[in-house]
2 protein chains.
Amino acid sequence: MATIRDVARYAGVSPATVSRVVNGLVGYSLATQKRVEGAILALDYEPDTLARGLKTKQTSVIGVLAPLVSDALASEVMTGVENAARQRGYSVMLGRTGLGSAHVAGYLRTLRTYRSAGVILISAAITPDMRRALGANVPLIAVAIRDQSHFPSIAIDDEQAAYDGTRYLIDLGHRHIGLLAGDPNSVLVNTVRELGYLRAMTDAGLPTVLEQGNSLYDSGPPALRRLLERDPLLTAVFALSDEMGASAVNELQRSGRRVPDDISVLGFDNTRTSQHVYPALSTVSQPLEEMGELAVEHLLSAGNSRSRILLHALVTRGSTAPVPPG
Amino acid sequence: MATIRDVARYAGVSPATVSRVVNGLVGYSLATQKRVEGAILALDYEPDTLARGLKTKQTSVIGVLAPLVSDALASEVMTGVENAARQRGYSVMLGRTGLGSAHVAGYLRTLRTYRSAGVILISAAITPDMRRALGANVPLIAVAIRDQSHFPSIAIDDEQAAYDGTRYLIDLGHRHIGLLAGDPNSVLVNTVRELGYLRAMTDAGLPTVLEQGNSLYDSGPPALRRLLERDPLLTAVFALSDEMGASAVNELQRSGRRVPDDISVLGFDNTRTSQHVYPALSTVSQPLEEMGELAVEHLLSAGNSRSRILLHALVTRGSTAPVPPG
DNA sequence: TGGGGTTACGCAAACGTTTACTAAACGAGC
DNA sequence: GCTCGTTTAGTAAACGTTTGCGTAACCCCA
């Protein structure tokens, strides 16, 4: 592997000059620029990231931490992150948060020793010890979760989104609407969504019924069964994640109920999963890929530490319909 | 951030000694070890990865390149990779191959400047220019694809797996079995699988009918419709990816056909997607997470450059059944 | 043609490690 | 008590960059 000195020697200049043209600084003539560029091409030179990072105290790596690696929601955010990062010449480093906060802190310490340009936390709240583990001067932002404290985040208004989703079902004529909630301990966005559901129902003077899942596919069916036990008159189910929504649709069909004729199902997040089911899941959509892109923009534009709230939207597909007569 | 010199000063030793205890080498007394460890704790010292990498010409990063970031198959492989990497103190860096091989080469060059310990290519074949872009001394391995040339890979025997899948449908009594193929240009594993299907059908003296999709969900329905047009007597469909299988199941229901009573559907890969549909997809399973783990093991144990072929398995769920009478 | 201002470029130190080399200290055997 | 071998420890160079500082060369105008 050629070094900057090799290039310098080949071009008959000093390493400093090579560095300057590589980095697009000023201080050389057009003629030398050409010579240096020729040398770079000839020697297939590529600056060493490590040496550069050591000197400048910054590398082009962005850390991304997601609950699971294979999570559909995180995948879409990561797609946005990867796109935006690549376009700007940054690389992304992957980590997992689902193993407890001690591990997360470990990741952040590693990311710090890599002199990462910033880190993005998906679906997890920033805690003070995370902030500390990362060191004060590398930016950190949470995505798909609204930060309660003063840390920056990019998210939708989950409470209002859940309100609007519930309201949509109410407007379809449903009166008995059950909630498939997520685990409030693992991702506290669930609590906020619950609140939106509760507010919409009480605003409409309707009774609430709620069962806890854990946001993943397998937790849907048992929670759904409990829900139906508690209120057999249910004509609609609002699942706080698409995975639970999808498994609800499948479970209902398995038990002989028709979706949406007998019972409507509404999902949340608008991940790919919502389309992998028949009938396709109506869902409350958040712009996940865009969130990822905005997150890297945020990290790389030092000035703004402002949080952003993006707009949610209702996407209606086959799994919801007006309440059946009778 | 404390440096090794700070620790040395605090402990009253030289930086060299600190380095030795940090790296678990020999050459210091128990007493100094204790003192150094105390200093490390007191100053919250963490060795700088960049400086270390610059000196040793190696970092603990493993590159992982997947077709799409949000791909279900890749997600599972990546889960395995991330697990194995983390356990060994390595970090994983993410890239995308779906943008053409020029981009891939770019990623590999980047990875090289990071002095990555090795890179894993998911669902894509290694080409000589990739090998070149990465530099000769960093290991590279393909996963979930059987390499045709001499590059190492970890995969199942796709031809035989497709053969076995087809054979399974034949053994259920099906005679008219259509194939939902993937794009042979994007991922050439598809070609091999096609071959397995063709061999099984001709071995059984059955007519073959095949339509091309692109492995993703949306390509399933149109390909399926073409398939049914060409052979309206179809009682089974073998999809070469779970996504196409899932969309086939959904599309069949949409068009009023019952799965598996009227028509059976068999998927491939056993990703999460295969369970997100009702009835759940029978599928040819490959041990994706294990493949990921083995891949990092391979990279880190310098000696073996041997390829490995893992066992596939048939997992039967609700989407397949014996051929309907008549 | 000479002087001031600008431009082009090189020198060398620094970033935080690792590691060959060297030297001091120590213990043991005679 | 001397020598020798081993253990413990320090010195300094090197890894491949970037960048502040200094200086030679150049340009323009009086």
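Determine if region A:146-158 includes at least one residue that is outside any loop (DSSP other than H, G, I, E, B), away from every other protein chain (no Cβ under 14 Å), closer than 30 Å to A:PRO260 by Cα and more than 19 Å from the chain's Cα centre (by Cα). No, that holds for no residue. Scanning region A:1-25 for residues that are within 42 Å of the chain's Cα centre (by Cα), more than 7 Å from DNA strand C (Cβ to nearest atom) and among the small types (Gly, Ala, Ser), we see that the one that is surrounded by the most Cβ atoms within 10 Å (Cβ to Cβ) is A:SER19. Taking region B:242-293 as the range and being in contact with a strand residue (DSSP E or B) (Cβ under 8 Å, 6 or more places away or on another chain) and among the aromatic types (Phe, Trp, Tyr) as the test, only B:PHE268 passes. Of everything listed in (1) surrounded by fewer than 16 Cβ atoms within 10 Å (Cβ to Cβ); (2) outside any loop (DSSP other than H, G, I, E, B); (3) facing chain B (nearest Cβ under 9 Å), the single unmet condition for A:ALA102 is (3). Only one of the listed residues (B:ALA280, B:ALA302, B:ALA239, B:ALA248) is under 30 Å from A:PRO221 (Cα atoms) and surrounded by fewer than 24 Cβ atoms within 10 Å (Cβ to Cβ). That residue is B:ALA280. Answer yes or no as to whether B:GLY303 is farther than 21 Å from B:TYR163 by Cα, modelled with pLDDT under 95 and either in the same structural domain as B:VAL77 (by TED's automatic domain parsing) or not in a loop (DSSP other than H, G, I, E, B) (or both). Answer is yes for this residue. Scanning region A:26-65 for residues that are small (Gly, Ala, Ser), near DNA strand D (Cβ under 10 Å from one of its atoms) and surrounded by 15 or more Cβ atoms within 10 Å (Cβ to Cβ) turns up A:ALA51, A:GLY53. Residue count for region A:238-271, restricted to those that are modelled with pLDDT of 95 or more, among the hydrophobic types (A, V, I, L, M, F, W, C) and in a loop (DSSP other than H, G, I, E, B): 2.
The helices (runs of 4 or more DSSP H) located wholly in region A:1-99 include none with 2 or more residues which are closer than 30 Å to B:ARG272 by Cα, away from chain B (no Cβ under 14 Å) and not polar (S, T, N, Q). Residues that are part of a loop (DSSP other than H, G, I, E, B), within 11 Å of chain A (Cβ to nearest Cβ) and free of Cβ contacts under 8 Å to residues at least 40 places away in the same chain are absent from region B:106-126 altogether.
Only one entry in A:LEU65, A:LEU50, A:LEU41 is in contact with a Gly (Cβ under 7 Å, 6 or more places away or on another chain) and under 21 Å from B:ALA133 (Cβ atoms), namely A:LEU50. Of the residues B:GLY213, B:GLY205, B:GLY196, B:GLY165, the single one that is in contact with a helix residue (DSSP H, G or I) (Cβ under 6 Å, 6 or more places away or on another chain), at pLDDT 95 or above and either more than 28 Å from A:GLU46 (Cβ to Cβ) or within 14 Å of chain A (Cβ to nearest Cβ) (or both) is B:GLY196. Annotation: A:MET130 fulfils all but one of (1) part of a helix (DSSP H, G or I); (2) among the aliphatic types (A, V, I, L, M); (3) modelled with pLDDT of 95 or more; (4) crowded, with 19+ Cβ neighbours inside 10 Å; the unmet one is (3). When you look at B:PRO287, is it closer than 28 Å to B:GLU76 by Cα, more than 14 Å from chain A (Cβ to nearest Cβ) and without any contact (Cβ under 8 Å) to a residue 24 or more places away in the chain, yes or no? The answer is no for B:PRO287. Among the criteria (1) within 23 Å of A:SER70 (Cβ to Cβ); (2) of a type in the set (Ser, Thr, Tyr); (3) touching an Asp or Glu at 6+ places or on another chain (Cβ under 6 Å), the one A:SER123 does not fulfil is (3). For region B:104-116, taking the residues that are under 25 Å from B:LEU288 (Cα atoms) and more than 18 Å from the chain's Cα centre (by Cα), the one that is modelled with the lowest pLDDT is identified as B:ALA105.
The residues in region B:250-284 that are more than 28 Å from the chain's Cα centre (by Cα) and small (Gly, Ala, Ser) can be counted, and the count is 2.
The values are calculated or read from the model by the stated rules, or taken from the named source; none is laboratory data. Values in this document were obtained by computation on a predicted structure and should not be read as measured data. When we count neighbours, we look across all protein chains shown, and the Cβ atoms used for this are built from the backbone with ideal geometry, even at glycine.
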